[in-house]
Structure formats: C-alpha cells, structure tokens
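> Mind having a look at this structure? Questions to follow.
The values are calculated or read from the model by the stated rules, or taken from the named source; none is laboratory data. Note that the structure is a prediction, hence the values are computed from the model and not measured. Note: ideal-geometry Cβ built from the backbone for every residue, glycine included; neighbour counts use all protein chains shown. With ligands, DNA and RNA removed, areas are computed over all heavy atoms of the protein, side chains included. Shrake-Rupley method; radii C 1.70, N 1.55, O 1.52, S 1.80 Å.
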Amino acid sequence: MRRRIFGTSATAVVLGLLIPLSGCGSSADGADGGTLRLVAAEYGDAPATSSKAFWDKVTADFAAANPGIKVEVKLLPWADIDRQVSAMVKTGKAPDMALMGSYSDFAAQDRLYSADELLPVAAEANFLQPLAEAGTVGTRLYGLPFVASSRLLFYNEALFTKAGIAQPPRTWSQLKAAAKALKDKGVKFPYALPLGPEEAHAEALIWELSNGGGYADSSGSYSLASEANVETWRWVKDSLVAPGLTGPIPPSQLNRADAFAAFLRGEVGMLNGYPSLAHEAAAKGIGVGTVSMPVSDTLGADVSPPVVGVADWMMAFRQNGKRVEIGKFLDFVYQDKNLSDFADRYHLLPSTVSAARTPAGGGLDKNDEQFLAALRGAQLYPVNDPSWMAVSDTIKRNIGRAVEPNADPKAVLQDIAVKADQAGQGN
C-alpha cells in the first residue's frame, strides 16, 4: 500500500502555555447563548466510575460562568460511539462537539472547525507536539487531543526475582531468555501477547517499531508488509509463540483486557501496558517494573525506537454554526484543573504541557511521569488518515494469524496489506 498518510505538521505546534480565548473568533458564526451538544465516550466501567460526574460538574461550572450557554452531554460506550456519531452526521444531526477515538474522516469531509478557527496560536502550542502532529491534517489541527497514554513493557518484580532474572530485558534475545526462565518456574504467561481483535494493532505496532518497522515508511505511506515487519513476526512466531513462551491461550484469541486481568492476578511475567494498569497493580500490592520495549538484536540495545502513544480527540462540528460558543466551552474544559481532573480519574495523561506542570494542574505522580516522558517522543497511530479506522480494524482482526503454527508471516502481512488497501478505498 503506497498511500500517503501523514500530512505536514503545523509549524505553530511547539511547547508553550495555554492562554484564555477571550477575543478569539467572531459572533457572526453563531449568536451568543443557546445549547451546545457534546457526545463523549464513557471512560468508566461502572456507575461509580462513570464520566457523568465529571461532565455534570464541568458543564454546571461553565454555565455559571457563561450565562445563557448550556451544554448537554450524551455519553456513549466506546464500542458504539464511532458508529453513532457517524450516523448523526450522515443524517444531518451532527453534535456541536464529540470526544472519541478518531476524527480524520470528518475532517476529510470538511465538517470540522480547525483549531485556528477556535483557539489562539498559543493555545494550540500548549498541546504536546506528538499529539498535535497526530491531530493535524495538512497544516491545520482538527483533532484536539484530550487525554493520552504511552506504552511501556511491564514486568512482575516478584516473578522476576523468583526466576532469578536480575535485570529487565533490553533486547529481544534477553526477553526470550527471561520468558524461558519464567516458564521454567511455572509462570502461566511468561510474555502475554494480546493479538485478539480488541487492540491487536497496539501490540503489533509496539513490536514492529522495536525492529525499525511500523505502519508507515519514511515517506509517510503505509508499509504494512515491509521486510522489517515480516522479520518481526517471524521472530515472534518462532522464538516466543512456538516454544510456548506466550502462555496457553493462542495470541489471536487473547485480548488486552484479559491479558491485563491475568497480570493483576499475578499470572503474567511481562506485557506491554499503560498508566492505569500500573495504578491497578499498585493497589493490589503487585510490584511492577517498567522499561521501554526491548529492541531487536539486529538494531542493538543502543538504539531507542519510539514508543507507541495513544490519544483521544475532541472535535467541533461546523453544522450548527456555534463557533464562538464552542470556543468558549473548549477554553473552559482545557483549563488545567479540569483536564487534570479528568486525566486523574482514569489514570491517563493530560494532553497539554501546563496541565502536567502547573500547580493548578496538580502535576503528575512519579508513576505517570515516566509515561509522559515516553509520550513526548512517541509515535501515534496514523489517525490523521481518513482510512485509518478501516485499516486498523483490518490489522486488529488479522495480525494474530501471523503467529499461528502453520502460518507464513509474510503471506499474512501481504494479505493484511491488500485487505487494508481495499478497506481504505472507500475513504
């Protein structure tokens, strides 16, 4: 697949400070007052952790500070929000704003306000650079990053000690040796490899980057079946899966949530995780070490490929013409205290520099600081390509086949590339 997926980053995307939006925009785009509608993903997994409490407080505080403007928030499950928002847009009932995992298909249809229509340049500059780059199509920022995370290799310190592993692995061969030592001590999942359809595209990208590959080549085009990627999956299949070092469940049937649950039960020696898992493990008294993903022996331990970063996106729709009111609300939501409150609730990283640094933002704890440091140099999915939703779905549902017993990783990757190309043709 030779489709260009990365646009030129906005030159104004640098690290800076967030400033108020007063004076930004013109009231010609919408009369003052009225009701804004926000459709947002539900981040909680139970009534007690629902995002409703956050949005109830923020919208009440905003209404008190901005008489005449009301914000109604509709929460949708992650499994449904992409489909439902797309349906709203297609039927001419787009919300004023949405918070979800993708934005570029709407940007490609010219349905979104760009950040320069809503925010001053200095406000754009407050977003962490890798996040802003991923939210940029061409030279304009359409996806405003809200919260984010990065991925590091987690290891169970007690299991490492039991297996006599003195140091965390830095290379693939060291990871294999550690996994073998863990297996010899009866660890159920020496290295948990979740290639099930829930989030296989994350695990796949982590491994491919650690061998100098990835989803795109240096020109910004998809390169799903590159030689580096083929070598990666051959090694994973032959060196980890075939010797039984990934546990009793076939990787294609192991989802991230199940792998995380096994880690919290003390059944996993190593896996790739993000901040919330570290907090959950600490709450259960599990000692966890974190390091960057080991690199292939071909690259060598002195090479440091980018880690994988993930972000969720706030977007503003043009349809209802409420640019000024939307700008006011976004200014309020992105205040340090509000953004930090949301990030803290779900052990995620705020998307702005000031929310992590300032007293108003509360700063980050030591556990999250390492993930923030990794995020600064992270590589995100190509979310600024309108075909990414279809391409990622193709990867999620097929990459696990590359490590099955009778599989040829090269043939599987080539098949994925063809399927992804076909899936992207409709965008």
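> When the chain is modelled as a GNM with alpha-carbon springs shorter than 10 Å, which of Ser219, Ser51, Ser102 fluctuates the most?
Top of the fluctuation ranking is Ser219.
> Continuing with the same structure: Just for the chain, what percent of DSSP beta bridges are antiparallel, to the closest 5? Intermediate values should be presented prior to the final figure.
Working: 25 of 41 bridges.
The antiparallel proportion sits near 60 percent.
> Computed over the Cα atoms, what is the radius of gyration of segment 150-297 divided by 2.2 N^0.38 Å, N being its residue count? Don't skip to the answer; put the middle values down first.
Numbers: Rg = 14.7 Å, N = 148, 2.2 N^0.38 = 14.7 Å.
Cα Rg divided by the expected 2.2 N^0.38 Å: 1.00.
> Taking Rh as the Kirkwood radius computed over C-alpha pairs, what is the Stokes-Einstein D of the chain at 37 °C in a medium of viscosity 0.692 mPa s, expressed in µm² per second?
On the way: Rh = 22.4 Å.
D = 147 µm²/s.
> To continue, here is another question. Please give, to one decimal in nm, the separation of the simple spin-label points placed at Thr35 and Gln422, each 7 Å out from Cα toward the Cβ.
4.5
> Hey, another quick one. Apply the Karplus parameterisation 6.51 cos²θ - 1.76 cosθ + 1.60, with θ equal to phi minus 60°, to every residue of segment 387-397 and state each ³J(HN,Hα) to the nearest whole Hz, in sequence, with x for glycine and proline.
For segment 387-397, the Karplus-derived couplings read 8, 4, 4, 6, 5, 5, 5, 5, 5, 4, 8 Hz, x marking Gly and Pro.
> Given H placed on each backbone N at 1.01 Å, which residues far from Tyr215 in sequence or on other chains put an amide H within less than 5 Å of it?
Counting only residues 5 or more places away or on other chains, the set is empty.
> Obtain the nm distance between the two label points defined at Ser304 and Lys188 by a simple spin-label model: each point lies 7 Å from its Cα along the Cα-to-C-beta direction.
Label at Ser304, label at Lys188, 3.6 nm between them.
> What's the ranking of 81-87, 408-414 by average number of surrounding C-beta atoms within 10 Å, highest first?
Values: 81-87: 16.4, 408-414: 18.4.
Answer by packing, highest mean first, reads 408-414, 81-87.
> I want to verify a result. In a Gaussian network model of the chain, Cα cutoff 10 Å, which of these has the top mean-square fluctuation: Arg140, Arg256, Arg345?
Of Arg140, Arg256, Arg345, the most mobile in the Gaussian network model is Arg345.
> If you don't mind, there's one more thing I want to ask. Sorted from largest down, what three extents in whole angstroms do the Cα atoms of segment 215-342 have along their principal axes?
59, 45, 32
> Under a plain spin-label model, where a point goes 7 Å from the Cα along Cα-to-Cβ, how far apart in nm are Gln174 and Ala46?
Taking the simple label geometry, Gln174 and Ala46 are separated by 3.9 nm.
> Let me ask another. Please list, ordered by chain and number, the residues whose modelled amide H lies under 5 Å from the amide H of Lys74; skip anything fewer than 5 residues away on the same chain.
Leu38, Val39, Ala40
> Going by amide H atoms built from the backbone, whose H comes under 5 Å of the H on Thr171, apart from near neighbours?
Val295
> What fraction, in whole percent, of alpha-carbon pairs in segment 264-330 exceed 17 Å separation? Can you show the working numbers first?
Numbers: 1433 of 2211 pairs.
Tail of P(r) above 17 Å: 65 percent of Cα pairs.
> Follow-up question, since we're still on this one. Applying the Karplus parametrisation 6.51 cos²θ - 1.76 cosθ + 1.60 with θ = phi - 60° to the phi angles of segment 288-298, what ³J(HN,Hα) value in whole Hz is obtained for each residue in order, glycine and proline being reported as x?
Working through the residues one at a time gives 10, x, 10, 9, 5, 4, x, 9, 5, 5, 5 Hz.
> Can you give the net charge of the other residues whose Cβ lies under 10 Å from the Cβ of Gly309, counting K and R as +1 and D and E as -1?
Details: positive: Arg151, Arg376; negative: none.
Computed value for this residue: +2.
> Considering the options Tyr215, Gly244, Ala278, tell which one lies farthest towards the positive end of the dipole of the chain, charges being +1 on Lys and Arg and -1 on Asp and Glu at the Cβ, about the Cα centre.
Gly244
> Same structure, new question: Taking every alpha carbon pair in segment 93-142, what does the distance histogram look like in 5 angstrom bins from 0, in percent?
Spelled out bin by bin, segment 93-142 gives 4, 18, 31, 28, 15, 3, 1 percent.
> Here's a follow-up. Consider just the alpha-carbon atoms of segment 290-378 and return their Rg together with their Dmax, both in angstrom.
Looking at segment 290-378, its Cα Rg and Dmax stand at 17.2, 55 Å.
> I need the phi-derived Karplus couplings for segment 410-415: 6.51 cos²θ - 1.76 cosθ + 1.60, θ = phi - 60°, integer Hz, Gly and Pro marked x.
5, 5, 5, 5, 5, 5
> Now, a different point. Check the straight Cα-Cα distances from Lys90 and name the lysines below 22 Å, setting aside those fewer than 8 residues away within the same chain.
Lys74, Lys322
> Can you give me the % of accessible surface on the chain that is carbon or sulfur? Probe 1.4 Å, all protein chains present, nothing else counted.
Working: 8670 of 17090 Å².
With neighbouring chains kept in place, the figure for the chain is 51 percent.
> Let me ask something else. By how many nm would the segment from Asp217 to Ala242 lengthen if fully extended, with 0.36 nm per residue of separation less the alpha-carbon distance?
Values: separation 25, 0.36 × 25 = 9.00 nm, distance 2.92 nm.
Length difference between fully extended and current span is 6.1 nm.
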